[in-house]
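The values are calculated or read from the model by the stated rules, or taken from the named source; none is laboratory data. Worth saying up front: this structure is predicted, and the values here are computed from it rather than measured. For neighbour counting, all protein chains shown are included, and Cβ atoms are generated from backbone atoms with ideal geometry for every residue, glycine included. Accessible surface areas use protein heavy atoms only, side chains included; no ligands, DNA or RNA. Shrake-Rupley method; radii C 1.70, N 1.55, O 1.52, S 1.80 Å.
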Amino acid sequence: MYRELLSNIIANHNRAKLQDPCDEKELTAAEEYVGFPFPAELKALLRETNGDHWLLLSAAQIIEHTKTNREIFPEYLEPDEFEEKVNRYIFFAANGCGDYYCYRVLPNGAVETSGIYIWAHELFETRWVAKDILDMITKYYNDEI
């Protein structure tokens with residue numbers, strides 16, 4: 001489903017290129033590193049394409065970006081703030097300006113699946129942008145977000 005839709009959406013985009021599906025070992029490694037279970041729609045997306053070299057991160061990039069954020073941002077925030085404003089997100093796409101599209105993780109460790117958020121790295125703030133991954137991808141490639 002995602003691969004076919006993405007193929008149509010990025011057909012005229014000169015930089016985005018769908019990658020081969022993510023294997024289960026890589027997917028499991030990304031979930032374990034991030035420390036939260038990935039929502040079903042993110043797993044389904046990664047199983048169909050392991051990123052697109054433009055918007056969507058591969059499983060390895062999810063790990064890399066999470067690691068970078070966990071290394072850089074603690075010096076700017078108190079530990080509780082860091083946990084709340086940086087560490088409790090599953091970043092799966094990037095806008096190229098340092099901001100990420102993500103899922104929020106609630107204080108109890110449950111992943112909120114009621115929408116996709118954009119996480120602004122300068123202010124450590126999020127705002128709702130889409131109802132699900134498909135909506136976010138469509139809006140992004142149509143310049144609506």
Worksheet entry | Sparse-neighbour loop sites [trypsin sites (Lys or Arg not before Pro); region 1-52; at most 14 other C-beta within 10 Å; DSSP] | 15, 17
Worksheet item: Quick one: length gained pulling residue 122 to residue 143 fully straight, 0.36 nm per residue minus the C-alpha distance?
Response: 5.4 nm
Practice prompt. Enter the Cα centre distance for the pair region 61-118 and region 3-51, rounded to the nearest angstrom.
Written response: 18 Å
Worksheet item: When the helices in the chain are scored as -39500 (n - 2.57) per DSSP H run of 4 or longer and the sum is shared across all residues, what 222 nm value do you end up with, to the nearest 500 deg cm²/dmol?
Response: -11000 deg cm²/dmol
Worksheet entry | Relative frequency of Cα-Cα separations exceeding 26 Å in the chain, percent | 19 percent
Worksheet item: So how strong a dipole does the chain carry about its Cα centre when Lys and Arg Cβ are +1 and Asp and Glu Cβ are -1, to the nearest 20 debye?
Response: 380 debye
Item to complete: With a/c under 1.5 counting as rounded, go ahead and sort region 69-145 into rounded, prolate or oblate using the C-alpha gyration tensor (a ≥ b ≥ c being the square roots of the eigenvalues; past the cut-off, prolate if a/b is larger than b/c, else oblate).
Response: oblate
Response to the item:
In whole percent, the fraction of accessible protein surface over region 25-145 that belongs to carbon or sulfur atoms, probe radius 1.4 Å, stands at 51 percent
Fill in: FRET efficiency, 1/(1 + (r/R0)^6) with R0 35 Å, evaluated for residue 132 and residue 64 via beta carbons
0.90
Worksheet, complete the sentence: Listed by chain and number, the aspartates and glutamates with an alpha carbon less than 19 angstrom from that of residue 131, same-chain partners under 8 positions apart left out, are 41, 99, 112, 143, 144
